[in-house]
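To start, the structure under review is shown below, and the notes come after it.
The values are calculated or read from the model by the stated rules, or taken from the named source; none is laboratory data. Not measured: the values here are computed from a predicted model. With ideal geometry, Cβ positions are generated from the backbone for all residues, glycine too; neighbour counts draw on all protein chains shown.
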Amino acid sequence: GHSWDVVVNKLPITWIKQKLQAADSPFLRNVGWLGGSGAIVRISRLLATIILARSLTKEDYGLAALVMTTNEFILVFTRNGVGTKLIQTDPDQVEPLAREAFWLNWVVFLGLFGVQILTGFAVGWIYQDQRVILPICVLGLVLLIMPIGLVQAALIQREGRFKVIALAQVAQVSTDNILTALLAIAGLGS
């Protein structure tokens, strides 16, 4: 007869486990962390969207979509390559470039905050609905917080600590989505 070890080693699960252990690398772990965090973020965003759709009137849901779209458009300009340059720079240039990046981020983000404020008023005027101005301006406050951690985030990414990045992303975005859903359920959306 066959021993149990021979039988177990022929099972597909054991074969898959052996292949995963053989392919284990920092790169695959990083991809796994980022992929897993991306999935959690999207699930929480989907749940928040469903709750908003069920909790808000069609008009309020449309206004919320307008506010979020405006904010997302401005956030596109936060991906300006400063962090990427810091990640790719020579080791002896990291410290001076980090200082420059910190102050450059402040200049860029203060400018984007001003653009978001102006955009809020422009959107309110275009749609002839003043209710969108305050939410667009309030979402712009995030732009005044982001420069505090961007250099540190780039340095963490430079070190290959993607688990930290993934966990921070899940915590931030999922908290945003959960709070949005809870506020809508509490009736603060209409």
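Descriptive notes on the structure:
- V94 falls short of the stated requirement of being in contact (Cβ under 8 Å) with a residue 60 or more places away in the chain, assigned to a helix (DSSP H, G or I) and within 22 Å of F73 (Cα to Cα).
- Here W33 meets each of (1) loosely packed, with under 13 Cβ neighbours inside 10 Å; (2) modelled with pLDDT under 90; (3) within 27 Å of L143 (Cα to Cα) with one exception, condition (1).
- Residue match in the stretch 70-78 (condition: at negative phi, outside any helix (DSSP H, G or I), of a type in the set (V, I, T) and under 16 Å from the mean Cα position of the chain (by Cα)): yes
- Residues of the stretch 43-61 classified as in a helix (DSSP H, G or I), surrounded by fewer than 14 Cβ atoms within 10 Å (Cβ to Cβ) and over 16 Å from the mean Cα position of the chain (by Cα), total: 5
- L144 falls short on exactly one of the conditions (1) of a type in the set (A, V, I, L, M, F, W, C); (2) surrounded by 15 or more Cβ atoms within 10 Å (Cβ to Cβ); (3) without any contact (Cβ under 8 Å) to a residue 40 or more places away in the chain, and that condition is (2).
- In the stretch 64-99, of all residues being acidic (D, E) and farther than 15 Å from Q152 by Cβ, the one that is modelled with the lowest pLDDT corresponds to E72.
- Residues in the stretch 107-133 that are of a type in the set (A, V, I, L, M) and over 22 Å from V82 (Cβ atoms): I117, L118, A122, V123, I126, V132, I133.
- Out of D5, D24, sole residue that is exposed (fewer than 12 other Cβ atoms within 10 Å of the Cβ), at pLDDT below 80 and not in a helix (DSSP H, G or I): D24
- Test: F102 is aromatic (F, W, Y), within 23 Å of D176 (Cα to Cα) and at pLDDT 85 or above: no
- Test: residue in the stretch 130-138 that is under 30 Å from L34 (Cβ atoms) and within 16 Å of the chain's Cα centre (by Cα): no
- The set of residues in the stretch 79-91 that are among the basic types (K, R) and not in a helix (DSSP H, G or I) contains only R79.
- Out of I117, I133, I156, I178, sole residue that is touching a residue at least 40 places away in the same chain (Cβ under 8 Å), assigned to a helix (DSSP H, G or I) and either among the hydroxyl-bearing types (S, T, Y) or in contact with a helix residue (DSSP H, G or I) (Cβ under 8 Å, 6 or more places away or on another chain) (or both): I178
- Yes/no for V108 being assigned to a helix (DSSP H, G or I), surrounded by 15 or more Cβ atoms within 10 Å (Cβ to Cβ) and not aromatic (F, W, Y): yes
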